[in-house]
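Okay, structure first, notes after.
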Amino acid sequence: MSFHPLMEYGAGHHQSARVLPEEGPAFQFTAANLAKLEEICTRYPAERRKSAIIAALYLAQGQQGYITLSAMRAVAAAIRCSTAEVEDIVYFYTMFYTRPMGKHIVMVCRTLSCALAGAERVTETLSKELGLRPGETDANREFSLLEVECLGACDRAPVVGVNDDWHECQQPEAAKALIDGLRAAGAGSLTGCHLKVAGE
Amino acid sequence: MEPILTKYVKQPGGASLDFYMKVGGYEGLRKSLGMTPDQVVDVVKQSGLRGRGGAGFPTGMKWQFVDKKSPKPKYICCNADESEPGTFKDHVLMERNPHLLFEGCLIACHAIGAKVAYIYIRGEFYHVQQVLERELAKARAAGLVGKNIMGTGFDCDIFVHRGAGAYEAGEETALIESLEGKKAQPRLKPPFPAVAGLYDCPTAVNNVETLCNVPFIITEGAEAFAKLGPEKNGGPKLYCISGHVKNPGVYETSMHTTLRELIYDPKFGGGIRGGHQLKCVIPGGSSVPVLLPEQLDIPASFDGVASAGSMLGSAGLIVMDETTCMVWAAQNLLYFYKHESCGKCTPCREGGDWLHKLLMKIERGDGEMRDLDLLLSVANNIAGKTLCAFGDAAATPVLTTIKTFRAEYEAHIREGRCTLPASWRASHPVLAAH
Ligand SMILES: Cc1cc2nc3c(=O)[nH]c(=O)nc-3n(C[C@H](O)[C@H](O)[C@H](O)COP(=O)(O)O)c2cc1C
Ligand code: FES
């Protein structure tokens, strides 16, 4: 039975399936990352280490590129919580990846202000240029293409994020230029955030 | 109005501690430390400062509700999640005026008796976090943050806490959950954070822009702040203007300014992009009802926008011209809401997806007239039936576009396609993949 009398239920979409994380290669935090994590833990009350769970996952992801079951266990050990609690966090937040991603993770904002400026066509042209559908990574792990939600820079629409960097006012016609630029100069080819002031 | 919060945002080096000190930085903190906490709360109450995060709740009152007699530690959580579509003001403040935010956090901590403030910043603002961390280290080295601040014996620390991609983390109790290392899902209220917030301790959650207003109130006084705007809508206000305007951007002005001025005045939005006319505007981020061109001669204040049947919300004006298909716009926003629903409450988790499916059906050209009533029925069964205001936010784009642009929905359904000349979207392959 559906929760709403007029909506179909059980047809594909609503059936749930628990996704199990991949074991992956054996994961251990580097000593430097463990030290960094201990420093971050001091920001919270001693009995509240769990507050550092997102920070620990960022460190793990920075080390390995994505989060595996093995990495989740390492995070759980460092935070002193259960692996299931870590798994919960990994699947809830969009910025953790559970499979290998490209060197350049290209994220096109698809929300209204960017869409009004043609974000759908940005995705379309990037998609064509890279031969990837949103959500996919190429075989060489050079590029991943993702659609993301409002990045909080809507005055410079359409906004594209690449890993931790930003590229703004991306025109659909300039998809090839964006990709060539990333291949040639990495993040150096991006506009960055417009709030950078001339003269700094 | 002469900008106050964003006066130096375009100044080279304007974000640095040196520069901030040169223009009277941390004077509000110095003055507040000579006052009792209750005096600080009173001044903020008299100023009439209302929260800039969305709800417009009076900040002084929020601080007064914090249970000061509790033996537990108190906390300030600064809401820097800024994920409401169409909102990008906190981004500017944090990147270009970080010390103003730190000063606001410290004064707030003094007012409620907290020793720690956490700035919860959205995961995507990595570059902003770098600025905050860099400047925080300088403030700490200068004795403005940490132990014995300014030699007064006041101890207070500020930490930046990075999220990892979740709109719901902006809701205050979900923010607290996320800070505790859990999924960003809201709590049942009461108890309110003022009684049992972060780590079950008395907590005040304040938006970035809200806290940035506090130093001015302390240095210049409650009256100076209040008289910058209409009654009960005092102080400077940042507006985020995006969409089909000539000059999208963040603008600081008083809440006397009308919505029409914000959209058309060359000082602000500068009017609609070449050769087009205004169709409608969403005045407060994506979660509030649309306003039509004839409804714009009202002050862009909390009360002004409410009197027109909408909300100032996060003051993100999303401006749309006549080429915009409202079914498509609603579909775009519902994709956002279905994607961002935290999954805790059934009406929102299931209903958001249903609404999006129905809108896609109409967009594809397979809509039936009865789908309009179904959309309204589903939306009305989400609004007001969830733990937090996300449910209302998700229902609003559907309710408001059907109410205001019903004929457009009907034309879609009758013709089996979008009837707007400029619409290239229905055949969009990426869109079709959703
Ligand atoms: C779904 C949802 C998302 C929210 N997102 C934000 C946000 O990104 N930033 C923010 O300041 N407030 C946000 N809020 C409002 C907060 O719950 C809260 O009202 C605000 O942080 C209080 O601060 P203020 O009194 O200074 O406005 C959101 C509310 C809801 C229901
Ligand atoms: S809609 Fe794309 S950054 Fe806000």
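Within region B:50-81, the only residue that satisfies the criterion of being surrounded by 22 or more Cβ atoms within 10 Å (Cβ to Cβ), among the charged types (D, E, K, R) and more than 13 Å from ligand 1 (Cβ to nearest atom) is B:74. Considering B:320, B:311, the condition of being under 30 Å from residue B:91 (Cβ atoms), within 14 Å of chain A (Cβ to nearest Cβ), touching a helix residue (DSSP H, G or I) at 6+ places or on another chain (Cβ under 8 Å) and not in a helix (DSSP H, G or I) is satisfied by B:320 alone. In summary, helices (runs of 4 or more DSSP H) completely within region A:15-95 and bearing 1 or more residues that are within 9 Å of chain B (Cβ to nearest Cβ), crowded, with 17+ Cβ neighbours inside 10 Å and in contact with a strand residue (DSSP E or B) (Cβ under 7 Å, 6 or more places away or on another chain) occur at A:53-64. Do we have any residue at all in region B:385-397 that's β-branched (Val, Ile, Thr), within 20 Å of residue B:318 (Cα to Cα), buried (at least 20 other Cβ atoms within 10 Å of the Cβ) and within 16 Å of ligand 1 (Cβ to nearest atom)? Yes, there is a match, as at least one residue in region B:385-397 is β-branched (Val, Ile, Thr), within 20 Å of residue B:318 (Cα to Cα), buried (at least 20 other Cβ atoms within 10 Å of the Cβ) and within 16 Å of ligand 1 (Cβ to nearest atom).
Tally up the residues in region B:210-225 that are at positive phi and crowded, with 19+ Cβ neighbours inside 10 Å, please.
Taking region B:210-225 and keeping what is at positive phi, we get B:221.
Going one step further and asking which of them are crowded, with 19+ Cβ neighbours inside 10 Å, we end up with none.
The total comes to 0.
Of the listed requirements (1) at the interface with chain B (Cβ under 9 Å from one of its Cβ atoms); (2) open to solvent by less than 20 Å² (accessible area, probe 1.4 Å), residue A:117 misses just one: (2). State whether the residues of region A:88-103 include one that is in contact (Cβ under 8 Å) with a residue 40 or more places away in the chain and of a type in the set (Asp, Glu). Taking every residue of region A:88-103 in turn, none turns out to be in contact (Cβ under 8 Å) with a residue 40 or more places away in the chain and of a type in the set (Asp, Glu).
Just one residue in the set A:69, A:59 is closer than 25 Å to residue A:137 by Cα and in contact with a helix residue (DSSP H, G or I) (Cβ under 6 Å, 6 or more places away or on another chain); that residue is A:59.
Can we say residue A:180 is part of a helix (DSSP H, G or I) and within 7 Å of chain B (Cβ to nearest Cβ)? I'd like the intermediate steps shown before the answer.
Numbers: part of a helix (DSSP H, G or I): yes; within 7 Å of chain B (Cβ to nearest Cβ): no.
Judged against the criteria, residue A:180 is not a match.
Give the residues of region B:350-364 that are farther than 30 Å from residue B:164 by Cβ and open to solvent by less than 20 Å² (accessible area, probe 1.4 Å), sorted by residue number.
Restricting attention to region B:350-364, the residues satisfying the condition of being farther than 30 Å from residue B:164 by Cβ are B:358, B:361-364.
B:358, B:362, B:363 - these are the residues of region B:350-364 that are farther than 30 Å from residue B:164 by Cβ and open to solvent by less than 20 Å² (accessible area, probe 1.4 Å).
Any idea how many residues of region B:331-349 are open to solvent by less than 20 Å² (accessible area, probe 1.4 Å) and in contact with a Ser or Thr (Cβ under 9 Å, 6 or more places away or on another chain)?
Initial filter on region B:331-349 (open to solvent by less than 20 Å² (accessible area, probe 1.4 Å)): B:331-334, B:336-337, B:348.
Those still in the list that are in contact with a Ser or Thr (Cβ under 9 Å, 6 or more places away or on another chain) too: B:332-333, B:336-337, B:348.
Final tally of qualifying residues: 5.
Residues that are out of contact with any Cys (no Cβ under 7 Å at 6 or more places or on another chain) and either more than 7 Å from chain A (Cβ to nearest Cβ) or open to solvent by less than 10 Å² (accessible area, probe 1.4 Å) (or both) within region B:82-91 comprise B:84, B:90, B:91, listed in sequence order. Per the conditions (1) within 30 Å of residue A:24 (Cα to Cα); (2) among the acidic types (Asp, Glu); (3) more than 9 Å from every other protein chain (Cβ to nearest Cβ), the sole criterion not satisfied by residue A:173 is (1). Residues in region B:323-355 that are within 11 Å of another protein chain (Cβ to nearest Cβ) and in contact with a Lys or Arg (Cβ under 6 Å, 6 or more places away or on another chain): B:324, B:328, B:343, B:347, B:353.
Restricting B:137, B:164, B:204 to residues that are modelled with pLDDT of 95 or more, over 30 Å from residue B:301 (Cα atoms) and open to solvent by less than 30 Å² (accessible area, probe 1.4 Å) narrows the list to B:164. When region B:88-105 is filtered for residues that are under 23 Å from residue B:40 (Cα atoms) and in contact with a Gly (Cβ under 9 Å, 6 or more places away or on another chain), the ones remaining, listed by number, are B:97, B:99, B:100, B:103, B:104.
Residue pairs whose Cβ atoms lie under 7 Å apart, sitting 6 or more positions apart in sequence or on different chains, and linking a residue in region A:56-83 that is charged (D, E, K, R) to a partner that is surrounded by fewer than 21 Cβ atoms within 10 Å (Cβ to Cβ) and part of a helix (DSSP H, G or I), are A:73/A:83; A:80/A:49. Residue count for region A:142-159 satisfying the condition of being part of a strand (DSSP E or B), open to solvent by less than 20 Å² (accessible area, probe 1.4 Å), closer than 20 Å to residue B:123 by Cα and touching a helix residue (DSSP H, G or I) at 6+ places or on another chain (Cβ under 7 Å): 1. In the set (1) more than 30 Å from residue B:265 (Cα to Cα); (2) away from ligand 1 (no atom under 16 Å from the Cβ); (3) touching a Pro at 6+ places or on another chain (Cβ under 8 Å), the condition left unmet by residue B:350 is number (3). For residues that are in contact with a strand residue (DSSP E or B) (Cβ under 6 Å, 6 or more places away or on another chain) and in a helix (DSSP H, G or I), tally how many sit in region A:128-140. The qualifying residues number 1. Among the residues of region B:164-197, those that are within 16 Å of ligand 2 (Cβ to nearest atom) and touching a residue at least 60 places away in the same chain (Cβ under 8 Å) comprise B:166, B:167, B:170. Within region A:137-154, being within 12 Å of ligand 2 (Cβ to nearest atom) and under 19 Å from residue A:120 (Cβ atoms) holds for A:147, A:148, A:149, A:150, A:151, A:153, A:154.
Of all the criteria given as (1) over 16 Å from the mean Cα position of the chain (by Cα); (2) outside the structural domain of residue A:50 (by TED's automatic domain parsing), the one not satisfied by residue A:86 is (2).
Within 15 Å of residue A:105 (Cβ to Cβ) and within 16 Å of ligand 1 (Cβ to nearest atom), is that true of residue A:190? For residue A:190, the condition - within 15 Å of residue A:105 (Cβ to Cβ) and within 16 Å of ligand 1 (Cβ to nearest atom) - is not met.
Taking first residues from region B:289-303 that are over 14 Å from residue B:314 (Cα atoms) and assigned to a loop (DSSP other than H, G, I, E, B) and partners that are basic (Lys, Arg) and open to solvent by 40 Å² or more (accessible area, probe 1.4 Å), the Cβ contacts under 8 Å between residues at least 6 apart in sequence or on separate chains come to B:296/B:260; B:297/B:260. Restricting attention to region B:92-125, the residues that are facing chain A (nearest Cβ under 8 Å) and part of a loop (DSSP other than H, G, I, E, B) add up to 4. Here's a check for you: in region A:136-155, which residue that is within 9 Å of chain B (Cβ to nearest Cβ) and more than 16 Å from ligand 1 (Cβ to nearest atom) is farthest from residue A:183 (Cα to Cα)? Going through the qualifying residues, I end up with A:155.
The values are calculated or read from the model by the stated rules, or taken from the named source; none is laboratory data. This one's a predicted model, so the numbers in the text were calculated from it and none came from an experiment. When we count neighbours, we look across all protein chains shown, and the Cβ atoms used for this are built from the backbone with ideal geometry, even at glycine. Accessible surface areas use protein heavy atoms only, side chains included; no ligands, DNA or RNA. Shrake-Rupley method; radii C 1.70, N 1.55, O 1.52, S 1.80 Å.
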